[in-house]
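Everything below concerns the one structure shown next.
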Amino acid sequence: MSSFPIASKRPHEITLHDQTRIDNYYWMRDRNDPETLKHLRAESDYLEEITQHTKPLQENLFSEMKARIKEDDSTVPAKRGGYFYYERDEQGKQYPIFCRKPGSLEAQEEILLDQNQLATGRSFCSVGAFSVSPDGNKLVYSVDYGGREIYTLHIKDLKSGELYPEVIENTSGSAYEHGGVEWTNDGETVFYVTLDEAQRPHKLWSHKAGTDPAQDRLVLHEDDETYFLYMFKTRDDAYIMTYHYNTDTREMNFLSADQPEGNMHVLQARVKGLEYYAAHHNGNFFITHNDGAKNFKLSVAPVEKPGKENWREVIPHRADVLVDGVDTFEDFIVVAERKGGLKQLRISDADGLGNVRYIQFPEPAYNVYLEANPEFRTNLLRFYYSSLITPNSIIDYHVDSGEWELKKEEEIPSGYDKTQYVSERIHATASDGTQVPMSIVYKKGMKLDGNNPALLYGYGSYGATIDATFSSNRFSLLDRGFVFAIGHIRGGSEMGREWYEDGKMLNKKNTFTDFIACAEHLIKEGFTSTQKLAIMGGSAGGLLVGACVTMRPDLFKVVICKVPFVDVVTTMNDPTIPLTTLEYDQWGNPEDKEYYEYMLSYSPYDNIRATEYPHMLITTGLNDPRVAYWEPAKFAAKLRELKTDNNLIVLYTNYDSGHAGASGRYDFLKEVAQDFAFLIDKLT
């Protein structure tokens, strides 16, 4: 067996606030340096060799997970205009086929786009924007072939099947964010967003199908580098809306979708710290906002006078309920809320006040979110529901009667019996006494004797919530005796806005100590032990597990860092990197000495020391625009340099993908199988 690759040391001095840090692996940032790719390839060769004995296990895991997928499957058709739209998969094919039927579900199928054909001869293929014109005659879609989240826009004539001659490059169409491309109501004009040099979506354009993109009209330019620009169309097709996103401030503009040559109008000019989101209904905007309301509230204002001086309260602020969003339909509105860490859906008459009722959910921990619901005039609300043990289900909720109509439940072809598993909601006590919720699942009959392998998962950033959702892949662990737990730690919004604010900026360490408390609670209650416990997180969740392992390396046996944000100070001091300027209000700007020193105190890369560390699998995508490949690569190299044990540090690089990993469904399963095999090999 070969030894692990040793990265060459080329000390680089970084001076800030009269403090100089030495970074021996800063050179890895240069992808054009032959030594960089040579080192990554050496890491890949080492990973291949050192995990060769797990290849049969990986193959078994892949087969198990694949057997739980209905390979020939279809989404539930959604009606829009005169068509029913859906996606379907075919056995053996990596990607979906986008289809529709005119008039009824019995009509002949029309294939709009076959992503498998787009992906022919390519190792990565992501479809971003996908929008059919109001008259049903044209399709605009965008594709990314490199994982960099830079999309190319195409327009297809659905009558002839031919592509329009124009191609529009450098557009925003990421699956991570809403918006990207919308048609105006004439069915001829497309609105789209382009990126600046730092991949920040910043310009809104209008384009008439069949014309030269060089003649496109610049509708709006977001020139503040701390804002991202998104765009969407209201459900009633009345307005094109822009959404200007800063981590603590929002702004929206609107333009009549009947007037493609018109100008944008500001809904409410940005005010530092004011966050709001608006949905249109019959000449009014229903607005969720935090003006004098930490947990947000709902107001309404007329389109003619939409500024906040005219906002009239509909739902007041409540200390124990987070107002999380609003959706409008012709005869009712839906407000997403969160109470006690769990999502709620509030339904009322169209004024937001009358006939208020809440949808009741049957389990103590679950996940629910609204589907696209493209129809404005309907008495049905379609939502997605699942839990740690209930398969993903599509529900049509009859707003008039309260009836649940199950349209589809994820089928597990290899068989599944939910009664064989236990799902619970428990709490850990953080170091400051805060009660931290955890969702947990395990096989029925398991003994709490500390001998069970366990995987603790978390995120805890940006106010994002990690709910108790179903994953058929996870049962390859549960059926091998694993406990799976989610720590709903501060930095997310599970328990309201304060929960988020208590885990960001100068409170960021609460996120890490909460997660450590969750780990200690699992051990204390006999679910697992330090010799059987693994933690896992991705992106900002990779920061989470990276920080926890540098704070408490004794607590864990295995760590899986997926595309981890671990070089916090250096990255946040480089405004040319995508996301940096946007996120000063998440982590702080290191130009400010107070934030510099605080970030430096927890940044995983900067806190590696000479001690024993757990087994670690670290992953990256060479084309990742969100967390550059060099952060995970540097983290692995420095850990090897300083650690004092014989535990494994391995780096997996996907040379064809970005932040989300492999794009094909089977290729993605192979990456999951690799992660799970690493866990099983080291914990059982």
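Derivation of every value follows stated rules applied to the coordinates shown; laboratory data play no part. All of these numbers come straight from a predicted model, not from anything done at the bench. Here the Cβ is made from the backbone with ideal geometry for all residues, glycine too, and neighbour counts use every protein chain on show.
Other residues whose C-beta falls under 10 angstrom from the C-beta of residue 358 contribute a net charge of +2, scoring Lys and Arg +1 and Asp and Glu -1. The distance between label points at residue 157 and residue 449 comes to 7.3 nm (points 7 Å beyond Cα on the Cα→Cβ vector). When Rg/Rh (Cα atoms, Kirkwood Rh) is computed from the coordinates, the matching label among [x] 1.02; [y] 0.95; [z] 1.10 is [y]. Using label points projected 7 Å from each Cα along Cα→Cβ, tell me how many nm separate residue 576 and residue 642, to one decimal. Result: 2.7 nm between the two label points.
Can you pull the Kirkwood radius for the stretch 338-394, inverse mean 1/r over Cα pairs, to one decimal in Å?
By the Kirkwood definition, the hydrodynamic radius is 12.9 Å.
With a simple spin-label model that places each label point 7 Å from the Cα along the Cα-to-Cβ direction, the separation between residue 414 and residue 304 comes to 6.3 nm. Applying a DSSP loop filter and a limit of 16 other Cβ atoms within 10 Å to the trypsin sites (Lys or Arg not before Pro) in the stretch 466-568 leaves 480.
Suppose only helical runs count, i.e. DSSP H with n ≥ 4. What mean residue ellipticity at 222 nm does that imply for the chain under -39500 (n - 2.57) per run, divided by all residues and rounded to the nearest 500 deg cm²/dmol?
Using -39500 (n - 2.57) per qualifying helix, the result is -5500 deg cm²/dmol.
The stretch between residue 261 and residue 20, if pulled fully straight at 0.36 nm per residue, gains 81.4 nm over its current Cα-Cα span. Net length available on complete extension from residue 170 to residue 214 is 14.5 nm, with 0.36 nm assigned per residue and the Cα-Cα distance removed. Of the GluC sites (Glu not before Pro) found in the stretch 296-341, the ones in coil according to DSSP and having at most 12 other Cβ atoms within 10 Å of their Cβ are 304.
Applying 0.36 nm per residue to the separation of residue 479 and residue 655 and subtracting their alpha-carbon distance, the gain on full extension is 60.1 nm.
For the chain, relative contact order (Cα pairs under 8 Å, six or more residues apart, normalised by length) works out to 10 percent. Positive contributions from Lys and Arg (+1) and negative ones from Asp and Glu (-1), summed over other residues with Cβ under 11 Å from the Cβ of residue 588, come out at -3. Here is the list for the stretch 112-221: GluC sites (Glu not before Pro) lying in DSSP coil, each with at most 12 other C-beta atoms within 10 angstrom of its C-beta, are 162, 197. The local environment of residue 163, defined by Cβ-Cβ distances under 10 Å, has a net charge of -2 under the rule Lys, Arg +1 and Asp, Glu -1. Placing a label point 7 Å from the Cα of residue 42 along the Cα-to-Cβ line, the residues of the stretch 645-674 whose backbone N sits under 14 Å from it are 651. From the alpha carbon centroid of the stretch 607-627 to that of the stretch 110-152 is 33 Å. Judged by the ratio a/c of the largest to the smallest principal axis of the C-alpha gyration tensor, the stretch 564-684 counts as oblate, that ratio being 1.5 or greater while a/b is no larger than b/c. Using Cα atoms only, what is the angle between the long axis of helix 593-602 and the major principal axis of the chain, expressed in degrees (0 to 90) to the nearest 10? Result, in degrees: 60.
For the chain, the Cβ-based charge dipole about the Cα centre amounts to some 1680 debye (Lys, Arg positive; Asp, Glu negative; other atoms uncharged).
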